[in-house]
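Engineer: What follows is a structure written as structure tokens; I'll ask about it next.
The values are calculated or read from the model by the stated rules, or taken from the named source; none is laboratory data. Quick caveat: nothing in here was measured; it's all calculated off a predicted structure. Here the Cβ is made from the backbone with ideal geometry for all residues, glycine too, and neighbour counts use every protein chain on show.
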Amino acid sequence: MKYEVILIGGGPVGMMLAGELALAGVKVCVIERLKETTPYSRALTVHPRTLEILDMRGVKSQLISQGRLLSRGHFAGLEAPLDFTVLDSSSNHTLFLPQSETEKVLEEWALSLGAEVWREVEALSVHQDEDGVDVKIAGPHGETTLRSAYVVGTDGARSLVRKHANISFEGTDATFTAILGMPFYLIWLL
Ligand SMILES: Cc1cc2nc3c(=O)[nH]c(=O)nc-3n(C[C@H](O)[C@H](O)[C@H](O)COP(=O)(O)OP(=O)(O)OC[C@H]3O[C@@H](n4cnc5c(N)ncnc54)[C@H](O)[C@@H]3O)c2cc1C
């Protein structure tokens, strides 16, 4: 097997895990259907504990140079305002940075450690047997099947991997639909 682990999905979770596995010497490949990082960011806030971990991996300073540190804010839109300065941490702040920028830095980091990222490639199915996993993929050169010892579903909320592994979605359906926009003054802040 060329890869020990295939990660399906190259969002922030896939790129971070790819870097962690590569750092541990694991042969890892990320399958991502998008040609490049989406410019449409959902997340804008990187929280203190995440920053601590990114600091341990040496990528925090690069992220900070592109964003803005904030000492107060919210968590997940909850009403209670939070003061991060009380934290006993060198990351006692959040970082205001669009998710697209965070993803690019994490991808560069994973690549620098030897992870491979296959873009414009979509996973179509996942089938596990006693010795490993077959992943059927489709890309610019047609369809083929990759085999690895492990597959990780880092493919987001509508995860194909979760469905093919017969893992149920324990939760509730969305209760509202929203459109996220960035006011001009926030763009100016960056
Ligand atoms: C409005 C909004 C605001 C948010 N704000 C914040 C915030 O401020 N801070 C914060 O920490 N979090 C925030 N979040 C949550 C954050 O965006 C998610 O936790 C994060 O995107 C999850 O990352 P992920 O890598 O698991 O999945 P995703 O970001 O969904 O990435 C999954 C990737 O898998 C790829 N993929 C999917 N299926 C396949 C397939 N079959 N083959 C190949 N590739 C595939 C997709 O193209 C995508 O690139 C917010 C979410 C929303 C909706």
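Engineer: Name the single residue that is farthest from residue 19 (Cα to Cα) among those in the range 39-82 being surrounded by 13 or more Cβ atoms within 10 Å (Cβ to Cβ), among the basic types (Lys, Arg) and out of contact with any strand residue (DSSP E or B) (no Cβ under 7 Å at 6 or more places or on another chain).
Structural biologist: 60
Engineer: Is there a residue being within 10 Å of the ligand (Cβ to nearest atom), at pLDDT 95 or above and farther than 26 Å from residue 44 by Cβ anywhere in the range 105-119?
Structural biologist: Yes.
Engineer: Six or more apart or on different chains, Cβ under 7 Å: which pairs go from a residue in the range 46-67 that's closer than 12 Å to residue 109 by Cβ to one that's of a type in the set (D, E, K, R) and in a helix (DSSP H, G or I)? Could you list them?
Structural biologist: Qualifying pairs under 7 Å: 54/60.
Engineer: Evaluate the range 14-31: report whether one residue or more is in a loop (DSSP other than H, G, I, E, B), within 11 Å of the ligand (Cβ to nearest atom) and surrounded by fewer than 17 Cβ atoms within 10 Å (Cβ to Cβ). Can you show your working first?
Structural biologist: Quick first cut of the range 14-31, residues in a loop (DSSP other than H, G, I, E, B) only: 24-27.
Narrowing further to those that are within 11 Å of the ligand (Cβ to nearest atom): none.
No, that holds for no residue.
Engineer: Being touching a Gly at 6+ places or on another chain (Cβ under 8 Å), within 11 Å of the ligand (Cβ to nearest atom) and not aliphatic (A, V, I, L, M) narrows it down to one residue among 153, 139; which is it? First the steps, then the outcome.
Structural biologist: Values: 139 fails: touching a Gly at 6+ places or on another chain (Cβ under 8 Å).
Within the list 153, 139, the selection yields 153.
Engineer: I need the full set of residues from the range 83-112 which are in contact with a helix residue (DSSP H, G or I) (Cβ under 9 Å, 6 or more places away or on another chain), aliphatic (A, V, I, L, M) and surrounded by fewer than 17 Cβ atoms within 10 Å (Cβ to Cβ), in order please.
Structural biologist: Those that are in contact with a helix residue (DSSP H, G or I) (Cβ under 9 Å, 6 or more places away or on another chain), aliphatic (A, V, I, L, M) and surrounded by fewer than 17 Cβ atoms within 10 Å (Cβ to Cβ): 87, 111.
Engineer: Kindly evaluate residue 5 against the criterion of being assigned to a loop (DSSP other than H, G, I, E, B), more than 14 Å from the chain's Cα centre (by Cα), more than 10 Å from the ligand (Cβ to nearest atom) and farther than 20 Å from residue 180 by Cα. Can you show your working first?
Structural biologist: Working: assigned to a loop (DSSP other than H, G, I, E, B): no; more than 14 Å from the chain's Cα centre (by Cα): yes; more than 10 Å from the ligand (Cβ to nearest atom): yes; farther than 20 Å from residue 180 by Cα: yes.
Here the answer is no, as residue 5 does not meet what is asked.
Engineer: Against the conditions (1) touching a helix residue (DSSP H, G or I) at 6+ places or on another chain (Cβ under 9 Å); (2) under 15 Å from residue 7 (Cα atoms); (3) away from the ligand (no atom under 15 Å from the Cβ), where does residue 125 fall short? Just the number, please.
Structural biologist: Status for residue 125: all satisfied but (3).
Engineer: While we're on this one: Limited to the range 53-75, what total is found for residues that are among the charged types (D, E, K, R) and part of a helix (DSSP H, G or I)? Walk me through it before giving the result.
Structural biologist: Filtering the range 53-75 for residues among the charged types (D, E, K, R) gives 55, 57, 60, 68, 72.
Adding the requirement that they be part of a helix (DSSP H, G or I) leaves 55, 60.
Qualifying residue count for the region: 2.
Engineer: Can you tell me how many residues within the range 32-47 are part of a loop (DSSP other than H, G, I, E, B) and acidic (Asp, Glu)? First the steps, then the outcome.
Structural biologist: Within the range 32-47, the subset part of a loop (DSSP other than H, G, I, E, B) is 33-44, 47.
Then drop every residue that is not acidic (Asp, Glu), which leaves 36.
Result for the range 32-47: 1.
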